[in-house]
1. hydroxyl-bearing (Ser, Thr, Tyr), open to solvent by 30 Å² or more (accessible area, probe 1.4 Å) and touching a Phe, Trp or Tyr at 6+ places or on another chain (Cβ under 8 Å): which single residue out of THR33, THR109, THR52, THR38 fits that description?
2. Where the second residue is open to solvent by less than 10 Å² (accessible area, probe 1.4 Å) and not in a helix (DSSP H, G or I) and the first is more than 29 Å from ARG248 (Cα to Cα) and of a type outside the set (A, V, I, L, M, F, W, C) and lies in region 182-204, which pairs have Cβ atoms under 8 Å and are six or more apart or on separate chains?
3. Look through GLU212, GLU167, GLU220 and report the one residue that is touching a strand residue (DSSP E or B) at 6+ places or on another chain (Cβ under 7 Å), of a type in the set (D, E, K, R), free of Cβ contacts under 8 Å to residues at least 60 places away in the same chain and open to solvent by 30 Å² or more (accessible area, probe 1.4 Å).
4. Can you tell me which residue within region 138-157, out of those that are more than 19 Å from the chain's Cα centre (by Cα) and under 13 Å from MET179 (Cα atoms), is surrounded by the most Cβ atoms within 10 Å (Cβ to Cβ)?
5. Name the pairs whose Cβ atoms lie under 8 Å apart, with the first residue in region 135-159 and in contact (Cβ under 8 Å) with a residue 60 or more places away in the chain and under 14 Å from VAL175 (Cα atoms), the second among the hydroxyl-bearing types (Ser, Thr, Tyr) and open to solvent by 60 Å² or more (accessible area, probe 1.4 Å), and 6 or more positions between them or separate chains?
6. Residues to consider are TYR214, TYR256; find the one that is under 16 Å from the mean Cα position of the chain (by Cα) and among the hydroxyl-bearing types (Ser, Thr, Tyr).
7. Residues being open to solvent by 20 Å² or more (accessible area, probe 1.4 Å) and either touching a Ser or Thr at 6+ places or on another chain (Cβ under 7 Å) or at pLDDT 95 or above (or both): count how many of those fall in region 68-79.
8. Report whether or not ARG199 is over 18 Å from ASP55 (Cβ atoms) and of a type in the set (D, E, K, R).
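The values are calculated or read from the model by the stated rules, or taken from the named source; none is laboratory data. Model, not experiment: these values are computed from the prediction. With ideal geometry, Cβ positions are generated from the backbone for all residues, glycine too; neighbour counts draw on all protein chains shown. When the accessible area is computed, the model is the full protein with side chains, heavy atoms only, and any ligands, DNA or RNA have been set aside. Shrake-Rupley method; radii C 1.70, N 1.55, O 1.52, S 1.80 Å.
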Amino acid sequence: MKKQYVLVHGGCHGAWCWYKVKPMLEHPGHRVTVVDLTASGVNMSKVEEIQTLEDYAKPLLQVLESFGSDDKVILVAHSVGGISAAYAADMFPRKISVAVFVTSFMPDTTNPPSYVFEKLIGNFSDSEEMDLKLETYGTTDHPLMTAFIGPKYLKKMYLLSPIEDFELAKMLVRVVPAMTSNLTGTKSLTEEGYGSVTRVYIVCGQDKGISEEYQRWMIENFPVKEVMEIEDADHMPMFSKPQELCDRLLKIADKYA
């Protein structure tokens, strides 16, 4: 049975980060759509044009909208992409057979979607922040923030990944909107929308970007159907452990799609 995957990249990255995983999933005959969120990858928009989470997630919403009413997708989100994926799941719950969070920010249905991001960033010490740059944009009435990953912080994310993929990322990362409550809004995602979608979490054991402890806290905060692990993956399992990630995504498709 051929399945449809939709892959969502993390902050500052783009659809390009799935270049190893996409052909692996397509090899057994599955269909794979990779999305560039607004002002990410080769999407031509500027970050200043993004005023809401809906603006940022728009390309993903358009992809989901394009599928027929009977089509169901396996929605896979990495890192900050989890917040856009959760928002999309809230809008199109019936089009998603399972949402997979890969070492990803995973909102709940009681707090604003930004809560899981702001909680982690708010607890960062100066040494942890390194060259992760947060700057302001927007208006005084509606102040927003951008985020950019400098090479030191990026290296922490790519700790166990091939040096070539780290070099590629240094060339391709872009400034993105930070997931603040001013961007996402203060209303939580709904129980009948996002809350009704089956969720699986893939924990990456050697992640220095979102620690294993924090990943497990998010799972405890909003329990999922199943937890899978890639013990020796860094924050970028699509580069450090692509085959292991693919194996788990195929297992999830067999079980839930």
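1. Values: THR109 fails: open to solvent by 30 Å² or more (accessible area, probe 1.4 Å); THR52 fails: touching a Phe, Trp or Tyr at 6+ places or on another chain (Cβ under 8 Å); THR38 fails: open to solvent by 30 Å² or more (accessible area, probe 1.4 Å).
The unique qualifying residue is THR33.
2. Listed by first residue and then by second, the contacts come to ASN182/LEU144; THR184/PRO113; THR184/SER114; GLY185/PRO113; SER188/PRO107; SER188/ASP108; SER188/PRO113.
3. Values: GLU167 fails: touching a strand residue (DSSP E or B) at 6+ places or on another chain (Cβ under 7 Å); GLU220 fails: touching a strand residue (DSSP E or B) at 6+ places or on another chain (Cβ under 7 Å).
Checking each option against the conditions leaves just GLU212.
4. LEU144
5. Cβ pairs passing all conditions: LEU144/THR136; THR146/THR136.
6. Values: TYR256 fails: under 16 Å from the mean Cα position of the chain (by Cα).
Just a single option satisfies the conditions, and that option is TYR214.
7. Narrowing region 68-79 to residues open to solvent by 20 Å² or more (accessible area, probe 1.4 Å): 68-72.
Add one more test, that the residue is either touching a Ser or Thr at 6+ places or on another chain (Cβ under 7 Å) or at pLDDT 95 or above (or both), and what stays is 72.
Result for region 68-79: 1.
8. Working: over 18 Å from ASP55 (Cβ atoms): yes; of a type in the set (D, E, K, R): yes.
Criteria met by ARG199.
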